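Working notes, structure below.
The values are calculated or read from the model by the stated rules, or taken from the named source; none is laboratory data. The shown structure was predicted, so the numbers you read here are calculated from the model rather than taken from an experiment. Cβ atoms come from the backbone with ideal geometry, glycine included; neighbour counts cover every protein chain shown. These area figures cover heavy atoms from the full protein model, side chains too; ligands, DNA and RNA do not enter into them. Shrake-Rupley method; radii C 1.70, N 1.55, O 1.52, S 1.80 Å.
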Amino acid sequence: MQRKILVTSALPYANGPIHIGHLVEYIQTDIWVRFQKLRGNKCLYLCADDTHGTAIMIRAKKEGRSEEDLIASMSESHQKDFAGFGIEFDHYGSTNSDENRKLCGQFWQSLRDADLITERSIEQLYDPEANTFLADRFVRGTCPKCGLLDQAGDNCNCGHTYSPTELIDPKSTLSGATPVLKNAKHLFVELEQLRGFLTQWVDSEDSLQTEVANYLKGHFLGDELRDWDVSRPSPYFGFEIPDAPGNYWYVWFDAPIGYIATTEQWCKANNQTLDDWWKNKDCEIHHFIGKDITYFHTLFWPGMLKTAGYSLPKKVHIHGFLTVNGEKMSKSKGTFIAAETYLNQTNPSYLRYFYASKLSQRVEDIDLGIEEFARKVNTDLVGKVVNLASRVGKFAKQTGLAEVYPDDGGLFENAVAAGDEIASAYETCDYARAIRRIMELADAANPFVEHAKPWEMKKDPDRQDELRDVCTVALNLFRQLTIYLSPVLPDLATQCSEWLDEPIKSWEQSRTPLLGTQVGAFRRMLDRVQIEDLEKMIEDSKAESDETTSDVAKQFQDSDQPLKDEPLADEIGIEDFAKVDLRVARVISAEHVPDANKLLKLELSLGGDETRQVFAGIKAAYEPEKLVGRLVVMVANLKPRKMRFGLSEGMVTAAGPGGEDVFILGIDEGAKPGQRVH
RNA sequence: GGGGCUGUAGCUCAGUUGGUUAGAGCUGGGGACUCAUAAUCCCUAGGUCGCGGGUUCAAGUCCUGCCAGCCCUACCA
């Protein structure tokens with residue numbers, strides 16, 4: 001039976017280019033969609049740019065152009081990048097569309113009618129120069145709990161959390177102005193009213209991976225759900241709320257509705273009705289998203305859909321993030337690779353294959369190790385799969401394919417049997433499993449050619465029929481593998497189609513061998529990955545991230561990120577500095593604190609009998625044993641502070657954002673404990 | 001502290017509802033072949049399945065405690 005399936009990927013934000021981290025999702029989705037189409041299902045793949053919000057507004061202002069102008073050029077760049085990776089949308093829209101505005105209005109009215117909207121005034125910081133309310137991340141100031149200067153609006157480096165309104169001496173990062181407190185009316189959705197429904201939805205029917213369902217139950221559904229703030233006061237780039245002038249829907253309200261609006265645009269162009277896709281029990285809706293936006297899609301969104309009378313997603317497929325060489329993507333390491341940078345150096349099929357070989361149903365991060373990447377592509381794709389065609393290509397051009405499929409020891413039939421398992425792996429998004437099975441088939445195919453020794457047959461005029469049979473087997477096994485791989489490698493499928501003069505259109509073709517036809521001249525289908533290309537790609541990415549540095553700076557390639565993360569503090573006089581008594585101290589003991597996640601307990605000596613007990617948040621960065629004996633610089637006149645684990649009588653100075661990246665200040669040789677730092 | 005997930009050969013991972021000597025690919029070592037993109041084929045090395053208990057005739061597979069790692073959340077000079 002033909003299924004009717006609507007598929008979406010998360011809408012990329014129109015605030016930056018696509019990078020290889022984004023592509024995990026779009027490639028994952030594209031593979032699934034191509035698989036569904038190959039199986040003969042009616043499947044629609046839709047996506048759009050997410051265009052609203054403060055960040056877009058600010059960026060447009062900074063670049064001196066209109067928001068519309070900015071999002072138009074972003075959309076073009078996004079679509080070009082996607083096309084470069086063979087990601088084939090049925091339609092690519094924008095959340096800034098008439099259809100979306102209208103649908104937002106409908107959803108809004110349904111929420112009103114269901115009496116789910118409530119109004120409350122909240123106090124928020126406002127930038128009087130930029131004339132805008134400030135989201136937490138646009139405010140910095142002194143931490144109200146520990147006095148650290150220049151901390152983010154909602155938490156500081158030492159881990160305190162607070163409200164931006166508590167910050168001491170706050171500054172807007174937009175204008176540098178001192179924000180003022182201002183009351184503003186906000187509109188909220190009372191999600192709590194939907195808790196019963198959501199609990200049931202989360203639990204039922206396998207719409208979510210179990211770990212996700214557990215997360216939601218453990219984290220949100222166990223308690224009363226907080227109201228969801230869905231409005232933002234003017235100025236804001238978005239849709240104004242009709243019955244609350246001067247207020248706009250928050251970007252996360254209109255973004256998912258963009259899925260529907262984009263469908264509507266497609267429907268208009270294709271003479272279909274929206275309800276047939278979004279209010280039809282027989283239509284499955286599948287969302288593919290990253291783990292960071294889980295709760296928007298699994299709580300708010302189902303709640304909105306339910307209230308407005310639309311179909312609920314059959315499944316929300318959630319994936320993890322991409323790491324490169326085992327670490328978070330990093331601009332300074334050149335592993336923050338833009339789609340365009342990748343395409344300039346190497347082949348998109350490689351990445352599609354690599355991601356496919358790593359993706360499972362789990363919400364696990366996947367790692368792109370450069371060496372693993374090259375090895376996998378070269379050994380699996382080139383060495384095993386394409387080699388099968390390559391090694392008999394010349395012979396086959398002369399012999400053509402036999403009329404009757406020869407005895408191949410059951411290889412073809414075996415691969416037909418494996419087809420169901422491979423299909424079900426694709427269906428459940430366990431691509432790693434599908435690829436594993438396909439490679440097992442490829443592993444069995446090469447020895448067949450090896451043992452048949454076609455190169456000997458070629459020399460013997462009496463054995464031309466045998467040669468043709470070997471070619472027939474090898475090419476049919478290759479064709480079968482290509483069909484199985486075609487959702488992942490559409491380009492390879494196209495090449496195979498052209499070569500054998502038979503379009504690959506259906507999964508069913510893998511069940512019957514191709515016989516009795518001529519074969520075109522073989523052309524190389526895929527080159528091996530050159531490590532140098534990958535290195536070049538990383539070099540290029542590095543270069544993009546710091547094009548504006550001086551010579552010495554270039555030599556060291558120091559990134560500007562730390563300064564951006566933590567801009568310079570206000571000027572002070574020497575008398576202010578003198579208040580801080582920094583001393584050289586020796587670590588005389590260091591130990592883990594039971595129950596503390598980030599802390600080490602240090603005993604510091606200032607010489608003689610003078611010691612201080614200090615708790616330092618450096619557990620992730622330093623082994624206690626390695627600290628013992630070394631000299632550090634401590635703040636010695638800090639007022640002792642009682643912590644859960646005991647009294648802390650000072651502070652060890654260190655640089656870095658925290659976590660593993662903490663670097664204790666050392667001092668050159670010769671310094672003695674107790675000496676003051678001036 | 002609370003929640004989620006993971007821990008199987010050097011590396012990446014398979015191991016179905018518990019059932020004979022724990023598997024694959026890659027890497028390593030040895031050999032063969034030459035049709036093929038230094039591709040391919042054959043042979044070989046290698047693991048007290050994180051650790052300790054328990055249930056069972058039988059546990060990598062179930063239960064429990066601990067250890068390590070990752071993520072979320074709170075706390076954290």
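Structural remarks
- Most to least packed among A:635-645, A:335-345, A:615-625 [average Cβ atoms within 10 Å]: A:335-345, A:615-625, A:635-645
- Prolate is the label for region A:349-511, because a/c, from the alpha-carbon gyration tensor with a ≥ b ≥ c as root eigenvalues, is 1.5 or above and a/b exceeds b/c.
- By the helix-only formula, in which each DSSP H run with n ≥ 4 contributes -39500 (n - 2.57) and the sum is divided by residues, chain A has a 222 nm mean residue ellipticity of -12000 deg cm²/dmol.
- Accessible area in square angstrom per residue, region A:349-511, 1.4 angstrom probe: 41
- For region A:404-452, applying the loop criterion from DSSP together with a ceiling of 13 other beta carbons within 10 Å to the trypsin sites (Lys or Arg not before Pro) yields no site.
- Helix A:251-270 vs. chain A, principal-axis angle (Cα, 0 to 90°, nearest 10): 20
- Solvent-accessible area, 1.4 Å probe, carbon plus sulfur percent, for region A:384-425: 46
- Per-residue extension of 0.36 nm, minus the Cα-Cα distance of A:T199 and A:D609, leaves a gain of 141.5 nm for this segment.
- Here the calculated FRET efficiency for A:Q464 and A:T494, from their Cβ-Cβ distance with R0 = 30 Å, stands at 0.45, rounded to the nearest 0.05.
- Global geometry of region A:47-149, whether rounded, prolate or oblate, following the gyration tensor of its Cα atoms and the 1.5 cut on a/c: oblate
- Anisotropy class of region A:290-377 from Cα gyration tensor, a/c 1.5 cut: prolate
- Ordered by 1.4 Å accessible area with all protein chains kept, A:T611, A:T482 run largest first as A:T611, A:T482.
- For chain A, a Kirkwood radius taken over Cα pairs fed into Stokes-Einstein (37 °C, viscosity 0.692 mPa s) yields D = 112 µm²/s.
- FRET efficiency for A:E440 and A:E371, using Cβ-Cβ distance with R0 set to 22 Å, rounded to 0.05: 0.45
- Chain A: relative contact order in percent, alpha carbon pairs under 8 Å with at least 6 residues between: 12
- Nearest-ten-degree value, helix A:387-399 long axis tilted from longest Cα axis of chain A: 20
- Rel. contact order, % - alpha carbon contacts under 8 angstrom, at least six apart, region A:442-548: 18
- Whole-Hz ³J(HN,Hα) from phi, Karplus 6.51 cos²θ - 1.76 cosθ + 1.60, for region A:401-412, glycine and proline x: 9, 5, 6, 10, 5, x, 5, 10, x, x, 4, 5
- Only beta bridges with both residues in chain A are counted; by DSSP, about 70 percent of them are antiparallel.
- Solvent-free Debye calculation, one equal scatterer per alpha-carbon of region A:438-493: log10 I(q)/I(0) at 0.15, 0.19 Å⁻¹ equals -0.50, -0.69.
- Computed from Cα positions, the angle between helix A:20-38 and the longest principal axis of chain A comes to roughly 30 degrees.
- Ordering of A:214-224, A:599-609 by packing [mean C-beta count within 10 Å, highest first]: A:599-609, A:214-224
- Each 5 Å bin from zero holds the following percent of Cα-Cα pairs in region A:174-294: 2, 8, 12, 14, 17, 17, 14, 8, 4, 2, 1, 0.
- Taking the average, over residues, of other Cβ atoms within 10 Å as the packing measure, peptides A:452-461, A:251-260 rank A:251-260, A:452-461 from highest down.
- Solvent-accessible ranking of A:H52, A:H678, A:H91, A:H451, largest area first, probe 1.4 Å: A:H678, A:H451, A:H91, A:H52
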